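Remarks on the structure that follows.
The values are calculated or read from the model by the stated rules, or taken from the named source; none is laboratory data. Everything quoted here is computed from the prediction, not taken from an experiment. Cβ sites come from the backbone with ideal geometry, for glycine too, and all protein chains shown count toward neighbours.
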Amino acid sequence: MISVNVLDIVPGTSVDGPGLRTAIYMAGCDHACPGCHNPDSWNPQHGRPMTIEQIASVVEENGFPVTLTGGDPLCNPSGALAIAEAVRRLDLGPLWLYTGFTFEQALRNAALRSVIEAVDVVVDGPFVQSRRDLSLTFRGSCNQRIILVSQSLRQGEVVIWREPSCDF
Ligand code: SF4
C-alpha cells in the first residue's frame, strides 16, 4: 500500500488554479529555490503519512477538482502518480500539477513523464526570485508556464493555458 507524506489538504482554495479546488500539498522538494514561499515543505518526512485511499476520500468528500502541489509532487513520482490516478477515477474535472521541473525536463525522465501524462495542466519551472511578478495568475515568477498537457504532447510543442476572458 502506497503512503504519501502530505503537508496539508485544503478544500475550496482559489489560488492554485481556476475556480474552487482541493489543493493537495505533498511533502518533499529538491529544488531549493531562493525565496521559496515554504522551505518547510522541502523535507519529504514532514507532514503526515496518508494512504491513497485516505487522500481520495477527502477529495471525494469535498467534490472540487484537484491541484497537486507541495513541495514538488514530482520529487515523489510514484506517490504523485498514485494520487493522480485515484483522483482521475473520481472524475471531478481538470487535474492541475505544480512542479519545479520544467515541462521538458520532466518529459525526459520516464517516471516524471508518467505523472505528467496523468494530469491535465502543469505549472512548471522553479520559482525565480528575480522574475517574481505579483500580477501573474496562479504562479509566482514569469519563467513559470501554465501548460495544457495533452495538447502539448499531441502537437510536440508547449501549448499555454489562457485564462478564459470575462465577457462582461
Ligand atoms: S519548487 Fe516550489 S516548493 Fe520547491 S523550492 Fe521551488 S518554490 Fe519551493
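Couple of notes before you dig in:
- Unmet criterion (only one of (1) touching a residue at least 40 places away in the same chain (Cβ under 8 Å); (2) in a helix (DSSP H, G or I); (3) more than 10 Å from the ligand (Cβ to nearest atom)) for Arg89: (1)
- Check on Ser41, away from the ligand (no atom under 16 Å from the Cβ) and in a helix (DSSP H, G or I): no
- Pick from region 92-119, criterion aromatic (Phe, Trp, Tyr) and away from the ligand (no atom under 11 Å from the Cβ), ranking: farthest from Val66 (Cα to Cα): Phe103
- For region 120-142, taking the residues that are within 16 Å of the ligand (Cβ to nearest atom) and under 15 Å from Ala80 (Cβ atoms), the one that is surrounded by the most Cβ atoms within 10 Å (Cβ to Cβ) is identified as Val122.
- One residue from Ser3, Ser78 being modelled with pLDDT under 95 and touching a helix residue (DSSP H, G or I) at 6+ places or on another chain (Cβ under 9 Å): Ser3
- Cβ-Cβ distances below 8 Å connect the following pairs, each with a first residue in region 33-57 that is surrounded by 12 or more Cβ atoms within 10 Å (Cβ to Cβ), a second residue that is of a type in the set (Phe, Trp, Tyr) and in a loop (DSSP other than H, G, I, E, B), and a separation of six or more residues or different chains: Cys33/Phe127; Gly35/Phe127; Cys36/Phe127.
- If you check Leu107, Leu95 for being aliphatic (A, V, I, L, M), over 21 Å from Asp8 (Cβ atoms) and surrounded by 15 or more Cβ atoms within 10 Å (Cβ to Cβ), only one passes: Leu107.
- In region 62-84, the residues that are within 16 Å of the ligand (Cβ to nearest atom) reach residues that are hydroxyl-bearing (Ser, Thr, Tyr) with C-beta atoms within less than 6 angstrom, at least six apart or across chains, in these pairs: Thr69/Tyr25; Thr69/Tyr98; Gly70/Tyr25; Gly70/Ser41; Gly71/Ser41; Asp72/Thr99; Leu74/Thr99.
- Subset of region 92-113 [part of a helix (DSSP H, G or I) and not small (Gly, Ala, Ser)]: Phe103, Glu104, Gln105, Leu107, Leu112, Arg113
- Residue list for region 114-138, restricted to those being free of Cβ contacts under 8 Å to residues at least 12 places away in the same chain and outside any helix (DSSP H, G or I): Asp133, Leu134, Ser135, Leu136
- Tally of residues being assigned to a loop (DSSP other than H, G, I, E, B) and either under 19 Å from Glu61 (Cβ atoms) or near the ligand (Cβ under 9 Å from one of its atoms) (or both) across region 18-27: 2
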